[in-house]
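Structure, as structure tokens:
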Amino acid sequence: MQSNYCTSGKVVLNKMVGLLAKPYHFCRLYFLCFTAAVFICIYTFSNKANADSVADYEISAVYIYRFSQFVTWPQDNRTLTYCTLGTDNIALTLSRLLKAKNNKIVTLTSISQLEQCQIAYISRQKELGLTHIPIKEGVLTIGTGNSFLAKGGMIELRSVKNKVRPVIAISSAKKAELTISSKLLKIAILPSLNSQQQGGENHAQ
């Protein structure tokens, strides 16, 4: 796509140069056409970067929605309630997805309201203002910040080599009496307690 736009710019440039009837027009038209071709290439690269960003938060939202299929709650007979704390692209996309699926979603105003949720997404901005993430029975907490797991969060959605990967703190999930399926653990990154604090990571075998 990018090469096509750049090639098109060069073709236009060559044609216009070929139509030059008077030598003094050459420099002016060459400069204008070259500038247009450069802008086309830059615009294409910019669009590609925006598309990658959109894909990241859309994939993250789908991950959060699908986690319900790979986690067992202490009481399975109740309808799962999704919650969001903070407003970002992931929260907005998740909200639209859940409403389209007729799932219940609650917008929290404080971390103290976690007990009404079964799946809670906490935006990075909100997480930065917290010293710790409370661990409540039957509440799965999800975020994207680098310090999310160290503060007590359970699943961090991390970008690894242009792919979104879940990083799971199993010990925190167990404290909340949540059981995570081995199918999810196989594709997840499983940090040790030390690596959580130091920013390192161990991959699941």
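The values are calculated or read from the model by the stated rules, or taken from the named source; none is laboratory data. The model shown is predicted, which means the values in this text are computed figures rather than measured ones. Cβ sites come from the backbone with ideal geometry, for glycine too, and all protein chains shown count toward neighbours. Accessible surface areas use protein heavy atoms only, side chains included; no ligands, DNA or RNA. Shrake-Rupley method; radii C 1.70, N 1.55, O 1.52, S 1.80 Å.
Data overview
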item: Computed label-point distance, nm, for sites S159 and T72 using a 7 Å Cα→Cβ extension; result: 3.6 nm
item: Extension gain from K104 to K183, taking 0.36 nm per residue of separation minus the Cα-Cα distance; result: 25.9 nm
item: Cα gyration tensor, region 54-186 - rounded (a/c under 1.5), prolate or oblate; result: rounded
item: Subset of K101/K183; K126/K175; K151/K174; K99/K174; K163/K186 violating a 26 Å alpha-carbon distance limit; result: K99/K174
item: Accessible area of region 54-186 divided out per residue, in Å², using a probe of 1.4 angstrom; result: 51 Å²
item: Model label zone, I59; criterion: amide N under 14 Å from point 7 Å along Cα-to-beta-carbon; scope region 157-171; result: 157-167
item: Accessible surface of region 54-186 [probe 1.4 Å, protein heavy atoms]: carbon and sulfur percent; result: 47 percent
